[in-house]
Amino acid sequence: MTPEDFARLVAEGYNHIPVTRELFADLDTPLSCYIKVATGSYSYLLESAAQGGEKWSRYSVVGLPSSQILKVSGQQITMEVDGEVTEHTITDDPLAYIETFRQQFRYPELPDLPIYTGGLVGYFGYDTVRFVEKKLRDTDLPDTIGCPDILLMVSNDVIVFDSVEAKIHLITHISDEGTLEQAERRLDEMQSAIANPIPQSIRKPEVGPRIHEADFVSSYGEQKFKDDVERIKKYIIEGDVMQVVLSQRMSVTFESDPLHLYRALRRLNPSPYMYFMDLADFQIVSSSPEILARLDSGEVTVRPLAGTRRRGRDEEEDLAMEAELLADPKEIAEHLMLIDLGRNDIGRVCDPGTVEVSEMMVVERYAHVMHIASNVCGRVRPEVTGIDLLRATLPVGTLSGAPKVRAMEIIDELEPEKRGVFGGAVGYLSWNGNMDTAIAIRTAVIKDKKLYIQAGAGVVADSIPNLEWKETMNKARSIFTAAAMAESGLDGSMTLENRREFNKDEARGTLGVKS
């Protein structure tokens, strides 16, 4: 960008202007770059692998520490700049506040930029739905973890890896009151930091206390969970609801660096949405298989994943498990119901006649489980924003049930604590209006040296309580194993024993979480 280009963009009314630099990208990875350049409070790493983990997707993003943070707890909004509270607002519609705030950043669409250059990055927790559905406004459920309902980082300094063209894009943003020289100095600092060595503490992690699956403690309790599955079945028989996704939270003491958990998880369970977020007081680590909603140049996509089997021990057993899954009337009925729910959700914001199912009931394999997946897409109306799309889709039916509002009322009645991050949306609202979010599943929250993992099961009329409990355990198993690997110092030989223990438990059908 030349000084003349910058002056022209300012004269056109833009106040958030990207300045970029390209580097050759054959000596660094997104993870090594994050470690060298971005580690610190309010930073993040976004990566993606195709389902099954056979190959990595084109783009990965390293988000450098942000100085401006937006937090929502109930109706209270707090803005922090450099660790100091600069604004405190009370509103009954935080989502409208967030959209107004985002629109203050007037961003030019420039050629030759990657798909993402920055934006509002973080999460919208499950309880965001209370700002949309009036019936769900009041809850006295305890907030065990104590995270904000919404947390968003204003992400201005990012490094985007393009694996197809072998490029690194260094990106910073300057306001209309800044100078091009300031932006170039910032890019110099980023480029210099990439050349730094990786700290020895990362290369050789300390070995912590051994973690076994039985060390995880369920806050729900196995018997109470099974009893509540029966209660939901009664609601279904009485015609109150068709499905409810009941979840349980498990926790364990965790003393390792949360980044080591992410390193273990990305190795064990590469997925379409992998992210590490250091949010100062707590960290989020995830390998989520499921998109919540994506908005790209007016095209919206949701992708229900419903119907689960464990992975087989070899290809022959995998194929047998797939055939069993696709022949299961309960799983098929549940999946079809959630396709309809996805169509209805995005139909609220799409042009009439544009919503379609572009992919129907394919089986996707992940490290420990396989799922039935379908793709639902449409064209949004011109005035629709990413926040409007979140209002229409959050939480998705695969994390709530159907009909949605009644299912969520039952969840409030039965589950013993607020879900928090679990079941919400993690991702970004970009400066150009696009959005990409994953469902916060296969997700760990680490706070005060405790690791929390939550998993759910879709309860329908013919559900068997013991199998629904086992489903939650199967879905959590990748986090169990990753935690064991992280506490072993990422030593594969030390971790192998833990992994064998978990596999034996699965083969025996005995699942050792304490109630």
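The values are calculated or read from the model by the stated rules, or taken from the named source; none is laboratory data. The structure displayed is predicted, hence computed values, not measured ones. Note that we place each Cβ from the backbone using ideal geometry, even for glycine, and neighbour counts take in every protein chain shown.
See the values below:
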{"quantity": "Members of the stretch 94-149 that are of a type in the set (D, E) and either within 27 Å of L414 (Cβ to Cβ) or surrounded by 15 or more Cβ atoms within 10 Å (Cβ to Cβ) (or both)", "calculated": "E99, D127, E133, D138, D140, D143, D149"}
{"quantity": "Selection count, the stretch 187-206, where residues are part of a helix (DSSP H, G or I) and modelled with pLDDT of 85 or more", "calculated": "8"}
{"quantity": "The one condition in (1) in contact with a helix residue (DSSP H, G or I) (Cβ under 7 Å, 6 or more places away or on another chain); (2) within 28 Å of R266 (Cα to Cα); (3) β-branched (V, I, T); (4) surrounded by fewer than 22 Cβ atoms within 10 Å (Cβ to Cβ) that V405 fails to fulfil", "calculated": "(2)"}
{"quantity": "Per-region count, the stretch 112-154, residues at positive phi and part of a loop (DSSP other than H, G, I, E, B)", "calculated": "3"}
{"quantity": "Qualifying residues in the stretch 213-225 (those that are buried (at least 18 other Cβ atoms within 10 Å of the Cβ) and of a type outside the set (S, T, Y)) - the one modelled with the lowest pLDDT", "calculated": "E213"}
{"quantity": "From the options I77, I69, residue that is of a type outside the set (K, R), farther than 28 Å from P272 by Cβ and either modelled with pLDDT of 95 or more or under 22 Å from the mean Cα position of the chain (by Cα) (or both)", "calculated": "I77"}
{"quantity": "Close pairs from the stretch 328-341: first more than 18 Å from V362 (Cβ to Cβ), partner among the hydrophobic types (A, V, I, L, M, F, W, C), Cβ under 9 Å, at least 6 apart", "calculated": "K330/V460; K330/A461; L341/V396; L341/A402"}
{"quantity": "Candidate set: the stretch 460-473, residues that are of a type in the set (A, V, I, L, M, F, W, C) and in contact with a Phe, Trp or Tyr (Cβ under 9 Å, 6 or more places away or on another chain); chosen: the one modelled with the lowest pLDDT", "calculated": "M473"}
{"quantity": "Residue selected from the stretch 42-62 under the condition in contact with an Asp or Glu (Cβ under 6 Å, 6 or more places away or on another chain) and within 27 Å of D82 (Cα to Cα), by the criterion modelled with the lowest pLDDT", "calculated": "S60"}
{"quantity": "Only one of T91, T86 that is surrounded by 12 or more Cβ atoms within 10 Å (Cβ to Cβ) and either under 24 Å from G146 (Cα atoms) or assigned by TED's automatic domain parsing to the domain that holds D388 (or both)", "calculated": "T91"}
{"quantity": "Q248 vs. criteria polar (S, T, N, Q) and either in contact with a Gly (Cβ under 6 Å, 6 or more places away or on another chain) or surrounded by fewer than 21 Cβ atoms within 10 Å (Cβ to Cβ) (or both)", "calculated": "no"}
{"quantity": "Any hit, the stretch 343-366, residues being buried (at least 18 other Cβ atoms within 10 Å of the Cβ) and of a type in the set (S, T, Y)", "calculated": "yes"}
{"quantity": "Residues within the stretch 207-224 that are of a type in the set (S, T, N, Q) and in a helix (DSSP H, G or I), tallied", "calculated": "1"}
{"quantity": "I69 hydrophobic (A, V, I, L, M, F, W, C), surrounded by fewer than 20 Cβ atoms within 10 Å (Cβ to Cβ) and in contact (Cβ under 8 Å) with a residue 12 or more places away in the chain", "calculated": "no"}
{"quantity": "Test: residue in the stretch 491-505 that is modelled with pLDDT of 90 or more and assigned to a helix (DSSP H, G or I)", "calculated": "no"}
{"quantity": "Unique residue being closer than 24 Å to K449 by Cβ and in contact with a Lys or Arg (Cβ under 6 Å, 6 or more places away or on another chain) when the list is S287, S201", "calculated": "S287"}
